[in-house]
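Trainee: Below are the structure tokens for one structure; questions will follow.
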Amino acid sequence: MRFGRLERRGLLLGLTGAQVGLVGVALVTVVAAGVAAGPAGILLGAPVWAAALAWALVPVGGRPLVEVLPTVAGWATRRLTRSHRDLAAPDAAAVPETLDLPGLPSRLHVTADDHGAAMLRCGRGPGAPVTLVAEVCGRGFLLESSAAQDRRVAAWGRLLGSLCQLPDVVGAQVLHRAIPAAGQEIRQWWSGQVSPQSPWAERIVADLVEDTRTDTRLQLLVAVAVRPRRADLIAARTALSESFDAAELDLVSWLTPGQIAALVRTAYDPASATRPLASSGAQIGRSRPMGVAEQWSHARSDSAFHATYWVSEWPRAATHASFLRPLLFGAGVQRTFTLLARPLPPGKSLREIRRARAEQVADASTRARVGRVEEEAHRAAAAELTRREEDLIAGHGDLRFTGLLAVSAPMLDELAEACASIETAAAQAGCELRRLVGQQVQAYAVASLPLGRGLW
């Protein structure tokens, strides 16, 4: 399989509207100062036009300064107003079925349908999308042959494509969690497998299992956000249940409100996952973190530090179906990988493709006039647009993907080691990661909670 480049569209020669505006301000300042006072005026106006050019053209973390400004301004505002720290009030009365989490724009409402499955709503008003969350498990994907893996990937693609055919689906999310566990499950499983007349090898293994205090539990969740009409929820759940089997995934269960509460608790307090009562669920109103503190490059909650990354580039060379294995199954790191998919209507996708193609033609004409040579990146972008248009005409859906990766550790130095390990694993997978500085609390909420959609 092969992935396209990150789409970067601009108004002129790859520059965004804000960049073009700042360059225009710099040119107008230079011309006006030169006409009014000659070279001396240009020198006197240097602070203005130089600052405008710097804001427009100087890159910071792969983005121009003008695009980084909103993030920096928001971070500075939170620091000045001391809203970068959020502390819970233990004596405050809990609101039933409601959860107020740092980083979310509004309260998270969790209710149950007639079958006991949880329905999540993050937003105000009756039109806010409702999210359904299912826990699924695979059937030994990594142990299959390359042909079988490709077949399952194609089946998963058909599952995502079917979501595009449902008109009321707002978004979908795949959430893969690697969290600590108390070791109780593996001991219970082994006690059911061993026989009373065990050979010496089984007794040695039994002793090792009995000494297990913690292990890592892998959990795979699929969340789908739909517009809130009862028939749509039923149709979405029925369609998903049927699609899971077609994609060779086993549906474990639809998560209940108690399981959602336990998920939130373990996301912000990973140490609670090793406690005996952590898996039994809790009240929604009591599952929020006791405290969250935001720093520039990480966040801290009850028992852990967190760092959240954005997958800015997927493998551009041809790769195999299990290319994410180093990221998902690396040992010794608590992590949550989230893949957000936002379906686009075919008509809107075609309009975007045609608009982007027109911009490419205009940029090519401008480059020819100024004598710039066409780069391979421009040809690759044009080929990617052609491929997307061919897929749409052939009847396939168009999805916008966003990959997020949250890393957690109990201490800050351990977080640095875990982040270094994850960055190495990302390089092995052919992915490029960027830490979402200045917005870690919001990014962690999106990456670790099954909301079914992004918040940006």
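Trainee: In the range 35-50, how many are surrounded by 15 or more Cβ atoms within 10 Å (Cβ to Cβ) and either basic (Lys, Arg) or farther than 16 Å from Leu65 by Cα (or both)?
Mentor: 3
Every residue, every condition in (1) at pLDDT below 95; (2) more than 22 Å from the chain's Cα centre (by Cα); (3) on the phi > 0 side of the Ramachandran plot; (4) not aliphatic (A, V, I, L, M), yes or no:
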{"site": "Ala356", "(1), (2), (3), (4)": "yes, yes, no, no"}
{"site": "Gly371", "(1), (2), (3), (4)": "yes, yes, yes, yes"}
{"site": "Ala383", "(1), (2), (3), (4)": "yes, yes, no, no"}
{"site": "Arg387", "(1), (2), (3), (4)": "yes, yes, no, yes"}
{"site": "Leu399", "(1), (2), (3), (4)": "yes, no, no, no"}
{"site": "Ala425", "(1), (2), (3), (4)": "yes, no, no, no"}
{"site": "Pro450", "(1), (2), (3), (4)": "yes, no, no, yes"}
{"site": "Gly454", "(1), (2), (3), (4)": "yes, no, no, yes"}
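Trainee: Which residues, counting only those in the range 51-64, are assigned to a helix (DSSP H, G or I) and either surrounded by 15 or more Cβ atoms within 10 Å (Cβ to Cβ) or touching a residue at least 24 places away in the same chain (Cβ under 8 Å) (or both)?
Mentor: Ala51, Ala52, Leu53, Trp55, Ala56, Leu57
Trainee: With the checklist (1) loosely packed, with under 15 Cβ neighbours inside 10 Å; (2) within 30 Å of Gln259 (Cβ to Cβ); (3) within 21 Å of the chain's Cα centre (by Cα) in hand, flag the one item Gly74 doesn't pass.
Mentor: (2)
Trainee: Please specify each residue of the range 362-376 satisfying the condition of being surrounded by 11 or more Cβ atoms within 10 Å (Cβ to Cβ) and part of a helix (DSSP H, G or I).
Mentor: Residues satisfying the conditions are Ala362, Asp363, Ala364, Thr366, Arg367, Ala368.
Trainee: Can you confirm whether Ala307 is surrounded by 14 or more Cβ atoms within 10 Å (Cβ to Cβ), in the same structural domain as Ala148 (by TED's automatic domain parsing) and in contact with a Cys (Cβ under 7 Å, 6 or more places away or on another chain)?
Mentor: yes
Trainee: Hey, could you check the range 385-427 for residues that are part of a helix (DSSP H, G or I), in contact with an Asp or Glu (Cβ under 8 Å, 6 or more places away or on another chain) and of a type outside the set (Gly, Ala, Ser) and say which is farthest from Leu166 (Cα to Cα)?
Mentor: Arg388
Trainee: A follow-up question, please. Of all residues in the range 131-165, which are farther than 18 Å from Ser253 by Cβ and either among the basic types (Lys, Arg) or in a strand (DSSP E or B) (or both)?
Mentor: Arg151, Arg152, Arg158
Trainee: Among the residues of the range 164-179, which ones are among the aliphatic types (A, V, I, L, M) and either farther than 15 Å from Val130 by Cα or within 15 Å of the chain's Cα centre (by Cα) (or both)?
Mentor: As a first pass, look at the range 164-179 and keep what is among the aliphatic types (A, V, I, L, M): 166, 169-170, 172, 174-175, 178-179.
Passing the criteria: Ala172, Val174, Leu175, Ala178, Ile179.
Trainee: Looking at the range 242-344, what strands (runs of 3 or more DSSP E) fall wholly within it and have at least 1 residues that are under 20 Å from the mean Cα position of the chain (by Cα) and within 22 Å of Leu451 (Cβ to Cβ)?
Mentor: The qualifying strands (runs of 3 or more DSSP E) are 291-294, 299-301, 304-313, 334-344.
Trainee: Out of all the residues in the range 65-88, which are assigned to a loop (DSSP other than H, G, I, E, B) and more than 12 Å from Gln439 (Cα to Cα)?
Mentor: Thr81, Arg82, Ser83, Ala88
Here's the yes/no breakdown for (1) hydroxyl-bearing (Ser, Thr, Tyr); (2) under 27 Å from Ser243 (Cβ atoms); (3) modelled with pLDDT under 80; (4) outside the structural domain of Arg434 (by TED's automatic domain parsing):
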position	(1), (2), (3), (4)
Leu57	no, no, no, yes
Val60	no, no, yes, yes
Leu80	no, no, no, yes
Leu101	no, no, no, no
Ala112	no, yes, no, no
Asp150	no, yes, no, no
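Trainee: Taking Ser421 and the conditions (1) farther than 30 Å from Pro326 by Cα; (2) out of contact with any helix residue (DSSP H, G or I) (no Cβ under 6 Å at 6 or more places or on another chain), which numbered condition does it fall short on, given that it satisfies the others?
Mentor: Tallying (1) farther than 30 Å from Pro326 by Cα; (2) out of contact with any helix residue (DSSP H, G or I) (no Cβ under 6 Å at 6 or more places or on another chain), Ser421 fails exactly one: (1).
Trainee: Between Leu405, Leu415, which is in contact (Cβ under 8 Å) with a residue 40 or more places away in the chain, crowded, with 17+ Cβ neighbours inside 10 Å and either touching a Leu at 6+ places or on another chain (Cβ under 8 Å) or polar (S, T, N, Q) (or both)? Before you say what the answer is, go through the steps one by one.
Mentor: Numbers: Leu415 fails: either touching a Leu at 6+ places or on another chain (Cβ under 8 Å) or polar (S, T, N, Q) (or both).
When all the criteria are applied, what remains is Leu405.
Trainee: Out of the range 261-282, which residues are out of contact with any Ser or Thr (no Cβ under 8 Å at 6 or more places or on another chain) and either crowded, with 20+ Cβ neighbours inside 10 Å or modelled with pLDDT of 85 or more (or both)?
Mentor: Leu263
Trainee: Could you count how many residues in the range 281-328 are more than 24 Å from Asp100 (Cβ to Cβ) and in contact with an Asp or Glu (Cβ under 6 Å, 6 or more places away or on another chain)?
Mentor: Residues in the range 281-328 being more than 24 Å from Asp100 (Cβ to Cβ) and in contact with an Asp or Glu (Cβ under 6 Å, 6 or more places away or on another chain): 3 in total.
Trainee: On to the next question. Which of the following residues is within 20 Å of Ala425 (Cα to Cα), buried (at least 17 other Cβ atoms within 10 Å of the Cβ) and touching a Ser or Thr at 6+ places or on another chain (Cβ under 9 Å): Val333, Val292?
Mentor: Details: Val292 fails: within 20 Å of Ala425 (Cα to Cα).
After ruling out the rest, the residue left standing is Val333.
Trainee: Here is a follow-up. Here is a check on your reading of the model: is Ala118 in contact with a Phe, Trp or Tyr (Cβ under 6 Å, 6 or more places away or on another chain), closer than 22 Å to Gln219 by Cβ and assigned by TED's automatic domain parsing to the domain that holds Ala321?
Mentor: no
The values are calculated or read from the model by the stated rules, or taken from the named source; none is laboratory data. Remember, it's a predicted structure, so these values are computed and weren't measured experimentally. Neighbour counts run over all protein chains shown; Cβ positions are idealised from the backbone, glycine included.
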